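To keep things clear, I will list the structure first and then write my remarks on it.
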Amino acid sequence: MSLNKPSFKQTQIEFAAHIRDPELNPKPDTIEDRRMAIYRDLFINSISGLLSGSFPVIKTLYNDSDWEELVRAYFKKEHNKTPHFPEIPREFVAFLKDHQDFDPNKPFLYELAHYEWLELHLEKHSLEVEKSTNHIDESLLLSQTPVVSPLIRLQSYQYPVHQIKKSFQPQEKLEQPLFMVIWRDTQYQVQFTAMNPFSALLLERLINHADISGQQLLESLADEHQHPNKDQFVQFGLQTLKQWFDQDIIISTQKTQ
């Protein structure tokens, strides 16, 4: 065997490098370009198809050539590292987070990708959530601890990610953060809604304080905000808790520990 002949492993390395970044890495000498072109198109089309399905809104913001440029930028070795197809959308989001200046005309791109990925993540999540079959009335929401579904995500964004489309691509950040809750209901449908700051704070406290009753939580918030009428504040908060139970954001209550 010729000492100058590249090893099979070396050919594999050159093959993979060329597939990821054809402009920077020449193809292996042992493979003719006609065959190499088939592999180049196959791999990039597979990744492009997966990302198109995972980020449908982002896809509509680009023409075909610009979309391919974005996909190829992600596909380079230093960005795309996972061998598992289901993890590729997550890594695409990480790539956009690390390269938020990739497209100056779309300063919202990372946040939009994160928002679309959350929807996909919750839709495909393997966790099964059952809602309490017991009657949950106002008294239980106050006297016990409301239990928040594990299939919700509370996020804040600097751009109105739920409104972005081809005809609306904001260039400036919002004056105030946008609070969004994204969740999968018991009918396996992914839902989302924008929240005011109070609702976002209430939900955050419910998620992180699973040891106090709804009454105690609302009263502590009333004290924090120095509300002049604590009972009125509690009743207002109770209406929000009831709505969240109807929406499957809250799925049950449990006795306070």
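The values are calculated or read from the model by the stated rules, or taken from the named source; none is laboratory data. What you are looking at is a predicted structure, and each value in this text was computed from that prediction instead of being measured. Cβ coordinates were reconstructed from backbone atoms using ideal geometry, including for glycine residues, and neighbour counts include every protein chain displayed.
Screening Lys59, Lys27, Lys76, Lys9 for residues that are among the basic types (Lys, Arg) and either modelled with pLDDT under 60 or under 18 Å from the mean Cα position of the chain (by Cα) (or both) leaves exactly one candidate, Lys59.
With respect to Ser139, determine if the residue is polar (S, T, N, Q) and either touching a strand residue (DSSP E or B) at 6+ places or on another chain (Cβ under 8 Å) or buried (at least 17 other Cβ atoms within 10 Å of the Cβ) (or both). For Ser139, the condition - polar (S, T, N, Q) and either touching a strand residue (DSSP E or B) at 6+ places or on another chain (Cβ under 8 Å) or buried (at least 17 other Cβ atoms within 10 Å of the Cβ) (or both) - is not met. Of all the residues in the stretch 209-234, those that are out of contact with any helix residue (DSSP H, G or I) (no Cβ under 7 Å at 6 or more places or on another chain) and not small (Gly, Ala, Ser) number 11. When Lys166 is tested against (1) more than 19 Å from the chain's Cα centre (by Cα); (2) at pLDDT below 95, just one condition goes unmet, and that condition is (2). Of all residues in the stretch 228-245, none satisfies being under 21 Å from Trp117 (Cα atoms) and among the basic types (Lys, Arg). Restricting attention to the stretch 182-201, and to residues there that are at negative phi and among the aromatic types (Phe, Trp, Tyr), which single residue is modelled with the lowest pLDDT? Out of the qualifying residues, it is Phe198.
Here Pro170 clears all of (1) exposed (fewer than 15 other Cβ atoms within 10 Å of the Cβ); (2) of a type outside the set (Lys, Arg); (3) in contact with a Phe, Trp or Tyr (Cβ under 8 Å, 6 or more places away or on another chain) except the condition numbered (1). Residues of the stretch 141-172 that are of a type in the set (Val, Ile, Thr) and either without any contact (Cβ under 8 Å) to a residue 40 or more places away in the chain or outside any loop (DSSP other than H, G, I, E, B) (or both): Thr145, Val147, Val148, Ile152.
Yes/no per residue for (1) under 27 Å from Asp185 (Cα atoms); (2) crowded, with 16+ Cβ neighbours inside 10 Å; (3) out of contact with any Ser or Thr (no Cβ under 6 Å at 6 or more places or on another chain); (4) modelled with pLDDT under 95:
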| position | (1), (2), (3), (4) |
| --- | --- |
| Leu203 | yes, yes, yes, no |
| Asp223 | no, no, yes, yes |
| Gln226 | no, no, yes, yes |
| Asp231 | no, no, yes, yes |
| Trp244 | yes, yes, yes, no |
| Gln254 | yes, no, no, yes |
